[in-house]
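Everything on this sheet refers to the single structure shown next.
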Amino acid sequence: MEGFANKNPSVTIYDDKMGFYTQIAARVAEMPMYRVEGCIRICMRPLLTAICRHSREWVVKLGQFLAASTKDLNSEFDRRVSVAWQ
């Protein structure tokens, strides 16, 4: 994920990725917690819970990278404006 952030993607690309991971979490949350295969009942809850948790963590991590990128860009803009006014 750091490799993605190091490419300085646009806000739109961040939004697309965050929407993708949010959509995964929403779809997984709607899935049944148990699956019947033949005569075996499989508890899917641990797997589905982990997928939801990781998807949400990825959204948070992307948000942190976006915030850091925005802060850096804002600092650079402030520096350029202050140099231009001197």
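Read-outs throughout are calculated quantities, based only on the coordinates presented, and are distinct from any laboratory measurement. Fair warning: this is a prediction, and the values are worked out from it, not measured in the lab. Glycine gets a Cβ as well: all are built from the backbone with ideal geometry, and neighbour counts include every protein chain shown.
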Short version: ³J(HN,Hα) in whole Hz for each residue of the range 47-60, in order, from phi by Karplus 6.51 cos²θ - 1.76 cosθ + 1.60 (θ = phi - 60°), x for Gly and Pro, what are they?
5, 5, 5, 5, 5, 4, 4, 5, 4, 5, 4, 5, 5, 5
Find the percent of Cα-Cα distances in the range 22-68 that exceed 12 Å, and round it to a whole number.
65 percent
Fewest Cβ neighbours within 10 Å first, please rank Lys17, Lys61, Lys71 accordingly.
Lys71, Lys61, Lys17
By how many degrees, 0 to 90 and rounded to 10, does the Cα axis of helix 11-29 deviate from the longest principal axis of the chain?
20 degrees
Which label belongs to the value computed from this structure, given these candidates for P(r) over Cα pairs in 10 Å bins from 0, in percent: (i) 19, 48, 26, 5, 2, 0; (ii) 17, 42, 24, 15, 3; (iii) 15, 31, 22, 16, 9, 4, 2, 1?
(iii)
Starting from the Cα-Cα distance between Ala67 and Arg45, subtract it from 0.36 nm times their residue separation and give me the gain in nm to one decimal.
4.6 nm
Which value at 222 nm does the chain reach when only helices count, each DSSP H run of 4 or more adding -39,500 (n - 2.57), with the total divided by all residues and rounded to the nearest 500 deg cm²/dmol?
-26500 deg cm²/dmol
List the GluC sites (Glu not before Pro) in the chain that DSSP assigns to loop (not H, G, I, E or B) and whose Cβ has at most 15 other Cβ atoms within 10 Å. Which are they?
Glu30
What length, rounded to one decimal in nm, is gained on full extension from Phe77 through to Asp16, with 0.36 nm per residue of separation minus their alpha-carbon distance?
19.4 nm
